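Asker: This is the structure I have questions about; it appears just below.
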Amino acid sequence: MSHSTPAATPGATTMRATALGRLAELLDRSPDPAGDGHARALETELADRFEAAHAVVLSSGTAALHVALGASGIGDGDEVLVPGASVVMTLVAIRLTGAMPVLVDSACGDLDFDDLAAKTTVRTKAVLPVHLAGRCADLARLTAYCADRGLRLIEDACQAQGTQYDGRWAGTFGDAGCFSTKDGKLLWSGEGGYLLTDDAGLAARARSFAAHGFLPAPDQPAGSRLGHNYRMPEPVAIIARGNLARFDELLALRRRQTRHLLDQLTDAPGLTVIPSDGRHAWNGYAPLLRVELDRPREFCARLAERGVPNSAGTYGLTTADRLPSLKDLALSACPAARADLDTTLAVVVHEADTDARLDEMARIITEEARQWR
Ligand SMILES: *Cc1c(COP(=O)(O)O)cnc(C)c1O
């Protein structure tokens, strides 16, 4: 990456200079065990930027999911409804609380609401939609569904930074929205995560849960509950602050890269763009194509081999019931979600991908599609 021309935005230079200055100051006063000034400042900046009452910064997106569930009182014996098309981290976070994930079928980003209703039981405590590739389920309908039944709504918005749905930021519809700042996500800082919430009590419980239970929360004196160490380290907060300050640029760049790649693929047989509906102002997280070729997963794997990273081919993205690591849970099959994921090519795009690199990926995809038998 350092040897190619980075597709850097003008703001990248400012970001680097500011971050280096802050890192130098941090090193000058190290060790400073109580120092959390950048993490606290990032919380204020995130809450402002994404129009939530509170942001809580954490060590990863998985931590954000665990913390959001824990701070919502989800635990042993509870059931959490989650789409079949989700990622292993979502499932792990549910299991870490002691709750059981229950898979709901999903297609083209939306949940199957009949299946959702069929699987809602007296043990159901929460619904956890996963906005894969920045596309959301019908959040107005889901919010109403949860409100009517007293269910918590926690969004896995790790891939949806910058998406707006019905004019509102993804991750601000439910009780909490969970985000990752791992490299490759839109707002990156190496590792890291955060949650957004309008609930002051949830935010306080989340901060305590992420700091060994040491912090007081309403009806929860300091030290009365066990917690984890899920705090965001200061160097990570410095990088995240720098990237948040140029988030508009990062969002515009990703949208442009995705558009650019898709525009080069009009001659690729058997591949059609999966459009987003009019309710989304989509973040362009990944170029999304429907693969109408034989053995679509093998096709995606072949592209990965040829240097076109993608969700199915590189990361083996599949429905949760098919993950070997979760086989003991005997999760129910999700045929629509399976058919959807099996035929989706989601190309992984990174900030450093130049137009030349995107053109090269498009060339390989077109060539492989033309000769695929
Ligand atoms: C990246 C991601 C996560 C986990 O984030 P980490 O920071 O890697 O723990 C969870 N859910 C989704 C949908 C993600 O894309």
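Asker: Could you check how many residues of the stretch 183-198 are within 20 Å of A53 (Cβ to Cβ) and surrounded by fewer than 24 Cβ atoms within 10 Å (Cβ to Cβ)?
Answerer: Matching residues across the stretch 183-198 total 2.
Asker: Moving on. What number of residues in the stretch 165-215 are in a helix (DSSP H, G or I) and closer than 19 Å to K125 by Cβ?
Answerer: Here is the first cut: in the stretch 165-215, the ones in a helix (DSSP H, G or I) are 200-209.
If we keep only those that are closer than 19 Å to K125 by Cβ as well, we get 201-202, 205-206, 209.
Going through the stretch 165-215 one residue at a time, the tally reaches 5.
Asker: Identify, by number, the condition in (1) surrounded by 17 or more Cβ atoms within 10 Å (Cβ to Cβ); (2) part of a loop (DSSP other than H, G, I, E, B); (3) not basic (K, R) that G307 doesn't meet.
Answerer: (1)
Asker: Among the numbered conditions (1) crowded, with 19+ Cβ neighbours inside 10 Å; (2) in contact with a Lys or Arg (Cβ under 9 Å, 6 or more places away or on another chain); (3) closer than 16 Å to L151 by Cβ, tell me where G75 comes up short.
Answerer: Among (1) crowded, with 19+ Cβ neighbours inside 10 Å; (2) in contact with a Lys or Arg (Cβ under 9 Å, 6 or more places away or on another chain); (3) closer than 16 Å to L151 by Cβ, the lone unmet condition for G75 is (1).
Asker: Does the stretch 274-295 include one or more residues that are within 16 Å of A133 (Cβ to Cβ) and part of a helix (DSSP H, G or I)?
Answerer: Within the stretch 274-295, not a single residue is within 16 Å of A133 (Cβ to Cβ) and part of a helix (DSSP H, G or I).
Asker: Another question about this same structure. Output the residues belonging to the stretch 245-261 that are part of a helix (DSSP H, G or I) and surrounded by fewer than 21 Cβ atoms within 10 Å (Cβ to Cβ).
Answerer: Matches in the stretch 245-261: A245, F247, D248, E249, L251, A252, R255, R256, R259, H260.
Asker: Does the stretch 172-182 hold any residues that are within 10 Å of the ligand (Cβ to nearest atom) and either crowded, with 24+ Cβ neighbours inside 10 Å or without any contact (Cβ under 8 Å) to a residue 12 or more places away in the chain (or both), and which are they? Can you show your working first?
Answerer: So in the stretch 172-182, the residues within 10 Å of the ligand (Cβ to nearest atom) come out as 178-182.
C178, F179, S180, T181 - these are the residues of the stretch 172-182 that are within 10 Å of the ligand (Cβ to nearest atom) and either crowded, with 24+ Cβ neighbours inside 10 Å or without any contact (Cβ under 8 Å) to a residue 12 or more places away in the chain (or both).
Asker: Give just the number: which of (1) more than 16 Å from the ligand (Cβ to nearest atom); (2) under 17 Å from K125 (Cβ atoms); (3) in contact with a Gly (Cβ under 9 Å, 6 or more places away or on another chain); (4) in contact (Cβ under 8 Å) with a residue 24 or more places away in the chain does A52 not satisfy?
Answerer: Single failed check for A52: (2).
Asker: Looking only at residues that are touching a Cys at 6+ places or on another chain (Cβ under 9 Å) and at pLDDT 95 or above in the stretch 88-111, which one is farthest from T62 (Cα to Cα)?
Answerer: The residue in question is D105.
Asker: Which count do you get for residues in the stretch 346-373 that are closer than 26 Å to L187 by Cβ and part of a loop (DSSP other than H, G, I, E, B)?
Answerer: The total comes to 7.
Asker: Looking for whichever is of a type in the set (D, E, K, R) and within 26 Å of A133 (Cβ to Cβ) here; the options are R40, R29, R95. Which one fits? Before you say what the answer is, go through the steps one by one.
Answerer: Working: R40 fails: within 26 Å of A133 (Cβ to Cβ); R29 fails: within 26 Å of A133 (Cβ to Cβ).
When all the criteria are applied, what remains is R95.
Asker: For the condition touching a helix residue (DSSP H, G or I) at 6+ places or on another chain (Cβ under 8 Å), assigned by TED's automatic domain parsing to the domain that holds T14 and farther than 20 Å from A157 by Cβ, what is the one hit in A240, A217, A210?
Answerer: Just a single option satisfies the conditions, and that option is A217.
The values are calculated or read from the model by the stated rules, or taken from the named source; none is laboratory data. The model shown is predicted, which means the values in this text are computed figures rather than measured ones. Cβ coordinates were reconstructed from backbone atoms using ideal geometry, including for glycine residues, and neighbour counts include every protein chain displayed.
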